[in-house]
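Trainee: Submitted below is the structure of interest, expressed as structure tokens.
The values are calculated or read from the model by the stated rules, or taken from the named source; none is laboratory data. Remember, predicted model here, so these are calculated numbers, not experimental data. Note that each Cβ is placed from the backbone with ideal geometry, even for glycine, and that neighbours are counted across all protein chains shown. All accessible areas refer to the heavy atoms of the entire protein, side chains included, with ligands and DNA or RNA removed. Shrake-Rupley method; radii C 1.70, N 1.55, O 1.52, S 1.80 Å.
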Amino acid sequence: MSTHITVDPITRIEGHLRIDVEVDGGVVKKAWSSGQMFRGIEKILEGRDPREAWLFTQRFCGVCTTVHAIASVRAVENALQLAIPKNAHYIRNLIVAAHAMHDHIVHFYQLSALDWVDVVSALKADPAKAAALASGLSEWPGNNVKQFQAVKDRLAGFVNNGQLGIFANGYWGHPAMRLSPEVNLLAVSHYLEALDYQRKVNQVVAILGGKTPHIQNLAVGGVANAINLDNQATLNMARLYQVKELLDSARQFIEQVYFVDVCAIGAMYAEWLTYGGGVTNYLAVPDLPTDATGRSFDLPGGTLFGGDLSTVTPISSFDDPYFQKNVTESIAHAWYDGDWQRHPYEEETVPKYTKYEGDRKYSWIKAPRFDGRVMQVGPLAQVLVGLAQGHELTKKWAVKALDTAGRVAGTTLTPAVLHSTLGRHAARMIRCCMLAELAGKHWSLLAENIGRGDTDIFNEPVFPKGEQHGFGFHEAPRGTLSHWVVIQDGTIRNYQAVVPSTWNAGPRDGRDQPGPYEASLVGNPVADPELPLEVLRTVHSFDPCIACAIHTLDVHGTEVARVRAL
Amino acid sequence: MARTFVLGLGNVLMGDDAFGPVVVHAFDDRYSVGPEVEIVDLGTPGLDMTPWMADAERVIVVDTVRAGRRPGTPCRYTKDDVMRQPPGPRVGPHDPGMRETLGTLELLGRAPREVVIVGIEPAHTELGRPLSPPVAAGVHGAVAAVVAALQAGGLEVWRRSVPLEPDRRWQPLVAR
């Protein structure tokens, strides 16, 4: 007899991710992923000035603000075939890298850690043993007896005051929790420390972007950061060095704490390197351009299919026809009028809500496909596509991560283990280490270029009469993002954003191929249907971000149970 | 460095959810404050609210609050009110997470000493619609509540002789 579980946090925010699974014999047999909010935000852009589109798109989502701003200016620049100055690329790249580092740190420590770390168990830890354990893995100065004792004392005070409720979203004491008290204490300590690094990388975005979370410095054609090394009010040497200091400090945390934590947790939950794979077709776009026209990049892009790393098709420029031609979206199982699969330039957004029916229409999310195939996007896609292309920096960090985790687990790990729930966490950490290193590189490129006397930041866009099509892609923290724009006589006629979480969280398509979330859940164990921690582990590993988003408090807390097991 | 933050929360593209940002901008246009106060249109930061609250003396949050009252009804809450509610499980990083944020900061010993929520009951939070009339009518009162909250904390607030008129291109959307 199978059990149907719905995980649906629908009450606090209108529209959200709802996950349904059918469990039989303690294993997920079938899964459905549903976006519960209409997100036809693109309609707001019709008829507007393409130069201003990014100001609106960065309001799509409160977590991914800069991401939608970058993709938007790139799309319009692509439509105009407008190259931008080197400085503009470097400044954008620093914002992109800092934002992504920030996002990856937040994802691991704030969103996911409690899926693996039992806060209450940390109370039983011996701080001295925890410090000894940590010193074998990392040189991080925060790993000392005094710090661990302080965290443990605070935690104990919290529990005694009955305040632990703030972690009620964690499933402590769950049979699937398995770390030793010392590792749990270590992780709680890092969870608390992560906050400062979250803040530091955010400051980089604020300095370069003018403000955060909504940056002010972008423009179609470049950036608006006036550069004058002798002027206090512009981007000058003092500001540049401030940026460098913040980036260096974040890099230290990423390499000495985040890297080690993911390797250790990966090793101690090794069976989660076997669950959660699902769709093994991967798509990533290249990012961090190093030349003016967008033909060479520091982050790799491409596609690979069936998990086969020996065959990879690169995506290698901002107007790559392979990418441009192959992206479509299907609405067969989504609440829109019709049953088509179309290219973004040809899409229309006509909502038509019917009830939730798993075998018919059940989501507001469209199902993006690449050459008709389901693709998984995200850091894992980028890392695998990089490995398949022999990308040096990817290899360096992936090998280091697999070696370290393998050493802790007492086994040999190969890239094949990355097709999994924990593989996605590992890949995100690997990408974060790459970004930390590349942020340093692009800082130097910017400083050197300015040092040579180049202060160009902007090329004026000119909108010809008639119709232009453009697409802009960006490898965002959650994966491949693309904006598609049709411009008619200088105003926007059609705009579509194909966002990472629609690639991953989308429903089945016209051929009933399940989306990546849906496929990844099949085969997951579920020990207790009332507390489906394992389902959350796999869903969280994708870093879901689909609400795009409102913020309304519900002070009276009329929440109903988010988990229903029938 | 600022020790007091006025944070406008909400999505400007989503009807009454724009209330928080609209109020902090309206405040900014009409009043100036000293360097110890920072006014931020924070959008929908989800998990990213933590850095804005850490180590602060006082945080004034302007937000929509669902409490089953008539749309446009103003309300005011404090840190204790928020902390009394249990948090829910997180599926995505968007979940507002005010309680988790404050809880984490309490655990760190870095929570703001005082939190005031200046709220309003929304009528609708639908895409691309302007503020509903009752919520739009509440903007002025909320600005006054922010002024009062700052003054109650012993902070100076000066009325600008000429209101600012900054370039705010998304505003037609909410004012329409």
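Trainee: Residues that are within 14 Å of chain B (Cβ to nearest Cβ) and either of a type outside the set (A, V, I, L, M) or touching an Asp or Glu at 6+ places or on another chain (Cβ under 6 Å) (or both): does the range A:119-139 have at least one?
Mentor: no
Residue-wise test of (1) at pLDDT below 90; (2) away from chain B (no Cβ under 14 Å).
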| site | (1), (2) |
| --- | --- |
| A:514 | no, yes |
| A:527 | yes, yes |
| A:540 | yes, no |
| A:544 | yes, no |
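Trainee: Among the residues in the range A:166-176, are any away from chain B (no Cβ under 12 Å), open to solvent by less than 20 Å² (accessible area, probe 1.4 Å) and at pLDDT 90 or above?
Mentor: No, because not a single residue in the range A:166-176 is away from chain B (no Cβ under 12 Å), open to solvent by less than 20 Å² (accessible area, probe 1.4 Å) and at pLDDT 90 or above.
Trainee: Going residue by residue through the range A:66-85, is there one that turns out to be buried (at least 24 other Cβ atoms within 10 Å of the Cβ), under 30 Å from residue A:163 (Cα atoms) and within 14 Å of chain B (Cβ to nearest Cβ)?
Mentor: Within the range A:66-85, not a single residue is buried (at least 24 other Cβ atoms within 10 Å of the Cβ), under 30 Å from residue A:163 (Cα atoms) and within 14 Å of chain B (Cβ to nearest Cβ).
Trainee: Follow-up. So is residue A:214 within 14 Å of chain B (Cβ to nearest Cβ) and modelled with pLDDT under 90 or not? Steps first, please.
Mentor: Details: within 14 Å of chain B (Cβ to nearest Cβ): yes; modelled with pLDDT under 90: yes.
Considered against the rule, which asks whether it is within 14 Å of chain B (Cβ to nearest Cβ) and modelled with pLDDT under 90, residue A:214 comes out as yes.
Trainee: Going by what's in this entry, would residue A:55 be described as without any contact (Cβ under 8 Å) to a residue 60 or more places away in the chain and either at the interface with another protein chain (Cβ under 10 Å from one of its Cβ atoms) or crowded, with 17+ Cβ neighbours inside 10 Å (or both)? Steps first, answer last, please.
Mentor: Numbers: without any contact (Cβ under 8 Å) to a residue 60 or more places away in the chain: yes; either at the interface with another protein chain (Cβ under 10 Å from one of its Cβ atoms) or crowded, with 17+ Cβ neighbours inside 10 Å (or both): yes.
Here the answer is yes, as residue A:55 does meet what is asked.
Trainee: Okay, moving on. Only residues that are in a loop (DSSP other than H, G, I, E, B) and either under 14 Å from the mean Cα position of the chain (by Cα) or under 20 Å from residue A:216 (Cα atoms) (or both): list them for the range B:1-26, please.
Mentor: B:10, B:11, B:12, B:13
Trainee: Sticking with this structure for a sec: So, in the range A:132-151, how many residues would count as being in a loop (DSSP other than H, G, I, E, B) and either in contact with a Cys (Cβ under 9 Å, 6 or more places away or on another chain) or open to solvent by 70 Å² or more (accessible area, probe 1.4 Å) (or both)?
Mentor: 3
Trainee: Now for a separate question. If the requirement is being of a type outside the set (Ser, Thr, Tyr), without any contact (Cβ under 8 Å) to a residue 12 or more places away in the chain and either assigned to a loop (DSSP other than H, G, I, E, B) or farther than 27 Å from residue A:78 by Cα (or both), which of these qualifies: A:200, A:211, A:244?
Mentor: A:211
Trainee: May I pose another question? In this structure, does residue A:265 turn out to be free of Cβ contacts under 8 Å to residues at least 40 places away in the same chain and over 30 Å from residue A:89 (Cβ atoms)?
Mentor: Taking the combined requirement at face value, the residue does not satisfy it.
Trainee: Quick one: residue A:354 ticks every box in (1) polar (S, T, N, Q); (2) farther than 30 Å from residue A:435 by Cβ; (3) touching a residue at least 24 places away in the same chain (Cβ under 8 Å) except a single one, so which number is it?
Mentor: (3)
Trainee: Among the residues of the range B:27-45, write down those that are open to solvent by 10 Å² or more (accessible area, probe 1.4 Å), more than 9 Å from chain A (Cβ to nearest Cβ) and either under 20 Å from residue B:99 (Cβ atoms) or not in a loop (DSSP other than H, G, I, E, B) (or both).
Mentor: B:28, B:29, B:30, B:31, B:32, B:33, B:37, B:38, B:39
Trainee: With the checklist (1) open to solvent by 10 Å² or more (accessible area, probe 1.4 Å); (2) of a type in the set (A, V, I, L, M); (3) more than 14 Å from chain B (Cβ to nearest Cβ); (4) in contact with a helix residue (DSSP H, G or I) (Cβ under 6 Å, 6 or more places away or on another chain) in hand, flag the one item residue A:27 doesn't pass.
Mentor: Answer for residue A:27: the failing condition is (4).
Trainee: Looking only at the range B:140-164, which residues are in contact with a helix residue (DSSP H, G or I) (Cβ under 6 Å, 6 or more places away or on another chain) and buried (at least 18 other Cβ atoms within 10 Å of the Cβ)?
Mentor: B:142, B:143, B:146
Trainee: Further, regarding this structure: Being in contact with a strand residue (DSSP E or B) (Cβ under 7 Å, 6 or more places away or on another chain), among the aliphatic types (A, V, I, L, M) and assigned to a loop (DSSP other than H, G, I, E, B), is that true of even one residue in the range A:286-309?
Mentor: Within the range A:286-309 (the criterion being in contact with a strand residue (DSSP E or B) (Cβ under 7 Å, 6 or more places away or on another chain), among the aliphatic types (A, V, I, L, M) and assigned to a loop (DSSP other than H, G, I, E, B)), the answer is no, since none of the residues qualifies.
Trainee: With B:110, B:69, B:76 as the choices, which residue is at pLDDT 80 or above, more than 7 Å from chain A (Cβ to nearest Cβ), farther than 24 Å from residue B:14 by Cβ and not in a helix (DSSP H, G or I)?
Mentor: From the options B:110, B:69, B:76, the qualifying one is B:110.
Trainee: Being over 26 Å from residue A:530 (Cα atoms), within 14 Å of chain B (Cβ to nearest Cβ) and open to solvent by 20 Å² or more (accessible area, probe 1.4 Å) is the requirement here; does residue A:157 meet it?
Mentor: yes
Trainee: What are the pairs, 6+ residues apart or on separate chains, where a residue within the range B:46-57 that is at the interface with another protein chain (Cβ under 7 Å from one of its Cβ atoms) has its Cβ under 7 Å from a residue that is at pLDDT 90 or above and in a loop (DSSP other than H, G, I, E, B)?
Mentor: Short answer, once both residue conditions are applied: B:54/B:110.
Trainee: Quick one: which residue in A:114, A:179 is surrounded by 18 or more Cβ atoms within 10 Å (Cβ to Cβ) and not in a loop (DSSP other than H, G, I, E, B)?
Mentor: So the residue among A:114, A:179 that is surrounded by 18 or more Cβ atoms within 10 Å (Cβ to Cβ) and not in a loop (DSSP other than H, G, I, E, B) is A:114.
Trainee: Residues being part of a helix (DSSP H, G or I), aliphatic (A, V, I, L, M) and open to solvent by less than 40 Å² (accessible area, probe 1.4 Å): count how many of those fall in the range A:251-285.
Mentor: Going through the range A:251-285 one residue at a time, the tally reaches 8.
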